[in-house]
1. Could you sort 14-23, 185-194 so that the peptide with the highest average Cβ count within 10 Å comes first and the rest follow in order?
2. Taking the Cβ of SER2 as the centre, find all other residues whose Cβ is under 11 Å away and add up their charges (Lys, Arg: +1; Asp, Glu: -1).
3. Compute the Kirkwood hydrodynamic radius of the stretch 115-211, taking the inverse of the mean of 1/r over all pairs of distinct Cα atoms, and give it in Å to one decimal.
4. Starting from the Kirkwood Rh over alpha-carbon pairs, what translational D in µm² s⁻¹ does the chain have by Stokes-Einstein at 25 °C and 0.890 mPa s?
5. What FRET efficiency comes out for LEU81 versus ARG270 if R0 is 30 angstrom and r is the Cβ-Cβ distance? Round to the nearest 0.05.
6. Say the dipole of the stretch 16-69 comes from +1 at the beta carbon of Lys and Arg and -1 at that of Asp and Glu; which of ALA41, GLY69, GLY17 then lies farthest toward its positive end?
7. How large is log10 of I(q)/I(0) for the stretch 1-78 at q = 0.12, 0.19, 0.25, 0.26 Å⁻¹ when the intensity is taken from the Debye formula with one equal scatterer per alpha-carbon?
8. Roughly what % of DSSP beta bridges within the chain run antiparallel, to the nearest 5?
Amino acid sequence: MSSASEISQAAKALRAGELVAFPTETVYGLGADATNDLAVAKVYEAKGRPSFNPLICHVADAEAAFALGAFPALAKRLADLFWPGPMTIVVRRTAACPVSMLASAGLESLALRVPQHDVALSLLRAFKGPVVAPSANRSGGLSPTTAEHVRQSLKDSAQLVLDGGPCHIGVESTVVSFLGDTPTVLRPGGLSGDVLQEALGAQLDVRPNQARPHSPGQLESHYAPRARLRLAAKRPAEHEVYLGFGLYDHGPFNLSRSGDPVEAAANLFRMLHDIDATGASIIAVAPIPTSGLGEAINDRLRRAAAPRPAT
Ligand code: TXA
Ligand code: MG
């Protein structure tokens, strides 16, 4: 088990923008300060994922979750019944939500969970803020259920690995979305569908089949700016707003003047939102190298630039 001094050291590392792996009752998570764009970008880098998926934000209690997301009555009921525990709730972000837009992958929604594990809860209380934490493994690897798995999979990406012994549930949390008319299970997990169904009665849609087109979750699963995008643009044409990178620098918006893909990822969704807010109709985006997080950035830009179905 982790000592009080290890917990306070870990909280300090989070405050400094470092990554800390910690045990939960489901799997070990790779944690970062959820309000720090750069720290969140480091999580994606450490996972080595070629695309940005929204991350789960961990908090110490339901009250903290209610400040970050807008919980309808039914969602509050689930929170009361099953938190702390292996359940994640997806709701709209509150207007003042300080969580990095990269954690939401640019969406207006946020996934929140109160884990049930002494070490996780002690860390969250010591840190006093929201912590994003996907499973602490490289993309494509198995979810880690011991500290040793984490060390093997992530090598030196985490500043610290808190050891809480083996996770007793061993599969990820159940994800329930409250974005549509009916609560919907997006990912089956540690809290069984039957137990949820019993709590909510008929008011639950179990739709873990992500391939099904036009499910409410799917429609909102990718953020795209309102403006159209022109990619690999070395300079803006008239009436275009430019989103620069490195030396391709025209105007106020540059993902990373030093050409750092981690900084660029940290800025991506916030800057796209900011440019949208200027009323721009076309965003010309600088060429972005595909190394490191550049691959995920290019993936997201390509999707955002693709022709969109009418909504
Ligand atoms: O058990 C768990 O949940 C573990 C431990 C560490 O807490 N965490 C975990 O986190 O699995 P992560 O970030 O890998 O899980 C993300 C899941 C994905 O299925 C993702 O699609 C969904 O949550 N998710 C996150 N934010 C979402 C959002 N805004 N809308 C819809 N789904 C979201
Ligand atoms: Mg995972």
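1. Working: 14-23: 22.5, 185-194: 17.8.
Sorting 14-23, 185-194 by mean packing, highest first, produces 14-23, 185-194.
2. Values: positive: none; negative: GLU6, ASP118, ASP163.
Residues near SER2 contribute -3 overall.
3. Details: mean 1/r = 0.0641 Å⁻¹.
Kirkwood hydrodynamic radius for the stretch 115-211: 15.6 Å.
4. Values: Rh = 20.0 Å.
This corresponds to a translational diffusion coefficient of 123 µm²/s.
5. Details: r = 35 Å, r/R0 = 1.16.
Approximately 0.30, to the nearest 0.05.
6. ALA41
7. -0.43, -0.98, -1.27, -1.30
8. 50
Rule-based calculations on the coordinates, nothing more; no lab input. Since we're looking at a predicted model, the values are computed, not measured. Quick reminder, even Gly has a Cβ in these numbers, built from the backbone with ideal geometry, and neighbours come from all protein chains shown.
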